[in-house]
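**Student:** Sending over a structure as structure tokens; questions will come in a sec.
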Amino acid sequence: MIRSEKRPSDEPLNSEDLAKCQQVFERLRAEICPNDDQEETNRLAAITIELYRQGVRGEDQLRDMVAAARGR
């Protein structure tokens, strides 16, 4: 029998998780994408969700890591 490990990143996000991600995303979008650059906005959202799913839960830490992950 093959046993698979369940990782936190495999779990679906609940409404509380999404609200936290949304708050961080909105703050970053206001700072980084004031002109509504759709490509950069999508990138910010994807990075925010991915880091949250990997276990970065503190809002300030998540914000800092998303900003750093942009590589700009």
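**Student:** Quick one: would you say VAL56 is modelled with pLDDT of 90 or more, hydrophobic (A, V, I, L, M, F, W, C), surrounded by 16 or more Cβ atoms within 10 Å (Cβ to Cβ) and not in a helix (DSSP H, G or I)?
**Tutor:** So VAL56 passes the test.
**Student:** Anything in the stretch 10-53 that is hydrophobic (A, V, I, L, M, F, W, C) and in a loop (DSSP other than H, G, I, E, B)? List them, or say none. Full working, then the answer.
**Tutor:** Initially, the stretch 10-53 is screened for residues hydrophobic (A, V, I, L, M, F, W, C), giving 13, 18-19, 21, 24-25, 28, 30, 32-33, 44-47, 49, 51.
Scanning the stretch 10-53 gives LEU13, CYS33.
The values are calculated or read from the model by the stated rules, or taken from the named source; none is laboratory data. These numbers come from a predicted model, not from an experiment. Positions of Cβ are backbone-derived with ideal geometry, glycine not excepted, and every protein chain shown enters the neighbour counts.
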